Amino acid sequence: MGMLKNFIACVLLVVLFLQNSCFEAGLSANVTYDHRALVIDGKRRVLQSGSIHYPRSTPEVWPELIRKSKEGGLEVIETYVFWNYHEPIRGQYYFEGRFDLVRFVKTVQEAGLFLHLRIGPYACAEWNYGGFPVWLHFIPGIQFRTTNNPFKEEMKRFLAKIIDLMKQENLFASQGGPIILAQVENEYGNVEWAYGVGGELYVKWAADTAVNLNTSVPWVMCQQEDAPDPIINTCNGFYCDGFTPNSPSKPIMWTENYSGWFLSFGYAVPFRPVEDLAFAVARFFETGGTFQNYYMYFGGTNFGRTAGGPLVATSYDYDAPIDEYGFIRQPKWGHLRELHKAIKLCEEYLISSDPTHQKLGAKLEAHIYHKSSNDCAAFLANYDSSSDANVTFNGNVYFLPAWSVSILPDCKNVVFNTAKVISQRNNGDHPFAQQKNVNELLLASSAFSWYEEKVGISGNRSFVRPDLAEQINTTKDTSDYLWYTASLANSSFWKQGSTLPVNKSLICAGACPGLLKALAVEAHCSI
């Protein structure tokens, strides 16, 4: 009997060792899709995802952000890849510090989450130059994002660089890694019309190029109605419950669900109520969706000169469930976590059938998912923005607040309603909720660093010209400043006896060209 116990104990130790070894090494997974969902190792999955851009935080903070995302009910982390910082000089690559992409992906893997890698390589993302390196601008004959050979050669080379890097580190799902999705291009459908036939040919080329790079995971194109098979076209927006893919063989996917909006100087701080955000998510899954991503789940900070676009602020907080400093934002984080739990209770139903629609009244409806004729889950929706309602479903009466969805995992009992937010506190996550004073927090903070950008009106690169200089061509993106000095000392303007409230020189920006023309003088420009 003692020998048998020892034998059983040895077997258990071997099994545990093998399980731990497999976990550490990573189990390979086959990722495909059908009309209903992404399919991972033969099983359809309902997935909650959130965007975290690795350069908008620091490597030391990544594990904490990802842990809080997982605790909030996420199963996937989504990020762009930022070409201009990974290849600042053509052929010279940088993957260190905040731009250590491999480390970020491995941190996601260590947390037990999947990853959606949006390579682009055009990102937009309110990022400097949309993520394109400025040296692209100076390649002779280049035209961005169209059927232009110089551009396509550079884009293909960078796509291959990133994919090869991921393959070398065994980071695709088929290699035991976390990457289950990849994206080529980004919201090109919004501008494709301007390129005419060149745009249509470019979309096909980008799709073919991506597929031929053999990632072994599905590719997506967001906001791209003409995404060629097998590329999945996906939705971006505040609401995507009405979105339909361009092929019945593709699942309904939402790559950007805006948790708020980016901050611009001079404008109000963006805010999206969690009741509305939860309503949008529930409606998406109610009407057939099985993958949705919050943009952003953690927004972070535009460090250095990374902010791009008109008046985009340093903060990229985005009113996200995790705020700019990495602290949980309540009640948004907690309310969404409960929503994710409720949807997870419905997963087996959501992946087993397409929804059956049932009208319950004016702007009132139900969608039902069946595993069998007597086994179902249901979503009851009131999409009237001002009027509450009582509805009858399966012989029972349910109260639906205005603009809300109730989730019934057993077609009977409501486990969650999107409009009913239970008051939630930060539970000590935010430092000011803890018993510490401000001085202690300041003393515990890491050392600050800064970037010095010299400004002035003269230097070795100064030159003289009678008109406005084009910013990118002049500064090569080494500075956000272009200084103009108009010298009036020898101008006929003075002979007319006029005076200006300046000391015979003027430093100006946007108004300078008109003044130069009016005074018929030249300007010394300096960067």
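Within the range 398-427, track down each residue that is in contact (Cβ under 8 Å) with a residue 40 or more places away in the chain and basic (Lys, Arg).
Scanning the range 398-427 gives a single hit, Arg425.
For Arg337, state whether it is open to solvent by 30 Å² or more (accessible area, probe 1.4 Å) and not in a loop (DSSP other than H, G, I, E, B).
Judged against the criteria, Arg337 is a match.
In the range 401-418, what count of residues is obtained for those that are under 18 Å from Leu277 (Cβ atoms) and crowded, with 19+ Cβ neighbours inside 10 Å?
Final tally of qualifying residues: 8.
Conditions first: (1) free of Cβ contacts under 8 Å to residues at least 40 places away in the same chain; (2) open to solvent by 10 Å² or more (accessible area, probe 1.4 Å). Thr79 passes all but one, so which condition is the exception?
(2)
For the range 366-397: of the residues being surrounded by 21 or more Cβ atoms within 10 Å (Cβ to Cβ) and free of Cβ contacts under 8 Å to residues at least 24 places away in the same chain, which is farthest from Ala280 (Cα to Cα)?
For the range 366-397, the residue satisfying everything is Tyr369.
Give the residues of the range 93-152 that are assigned to a loop (DSSP other than H, G, I, E, B) and β-branched (Val, Ile, Thr), sorted by residue number.
Passing the criteria: Ile139, Ile142, Thr146, Thr147.
Just checking, how many residues over the range 98-145 are free of Cβ contacts under 8 Å to residues at least 60 places away in the same chain, on the phi > 0 side of the Ramachandran plot and buried (at least 18 other Cβ atoms within 10 Å of the Cβ)?
Within the range 98-145, residues that are free of Cβ contacts under 8 Å to residues at least 60 places away in the same chain, on the phi > 0 side of the Ramachandran plot and buried (at least 18 other Cβ atoms within 10 Å of the Cβ) number 2.
Please enumerate the residues belonging to the range 82-92 that are open to solvent by 10 Å² or more (accessible area, probe 1.4 Å) and assigned to a loop (DSSP other than H, G, I, E, B).
Pro88, Arg90, Gly91 - these are the residues of the range 82-92 that are open to solvent by 10 Å² or more (accessible area, probe 1.4 Å) and assigned to a loop (DSSP other than H, G, I, E, B).
Results for (1) open to solvent by less than 40 Å² (accessible area, probe 1.4 Å); (2) modelled with pLDDT under 95; (3) touching an Asp or Glu at 6+ places or on another chain (Cβ under 7 Å), shown as yes or no for each residue.
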residue	(1), (2), (3)
Tyr33	no, no, no
Leu38	yes, no, no
Gly42	no, no, no
Leu47	yes, no, yes
Ile52	yes, no, no
Pro55	yes, no, no
Thr58	no, no, no
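Looking only at the range 196-207, count how many residues are closer than 10 Å to Val184 by Cα and either surrounded by fewer than 16 Cβ atoms within 10 Å (Cβ to Cβ) or basic (Lys, Arg) (or both).
The qualifying residues number 0.
Out of all the residues in the range 276-325, which are open to solvent by 10 Å² or more (accessible area, probe 1.4 Å), aliphatic (A, V, I, L, M) and not in a loop (DSSP other than H, G, I, E, B)?
Within the range 276-325, Ala307, Val312 meet the criteria.
Are any residues in the range 229-244 surrounded by fewer than 18 Cβ atoms within 10 Å (Cβ to Cβ) and in a loop (DSSP other than H, G, I, E, B), and if so, which ones?
Correct list: Asp229, Pro230, Phe238, Tyr239, Gly242, Thr244.
Answer yes if at least one residue in the range 146-153 is without any contact (Cβ under 8 Å) to a residue 40 or more places away in the chain, farther than 30 Å from Thr287 by Cβ and open to solvent by less than 30 Å² (accessible area, probe 1.4 Å), and no otherwise.
yes
The values are calculated or read from the model by the stated rules, or taken from the named source; none is laboratory data. This structure is a prediction, so every number in the text was calculated from the model and none was measured. Neighbour counts run over all protein chains shown; Cβ positions are idealised from the backbone, glycine included. Heads up: the accessible areas ignore ligands, DNA and RNA and are worked out on the full protein's heavy atoms, side chains in. Shrake-Rupley method; radii C 1.70, N 1.55, O 1.52, S 1.80 Å.
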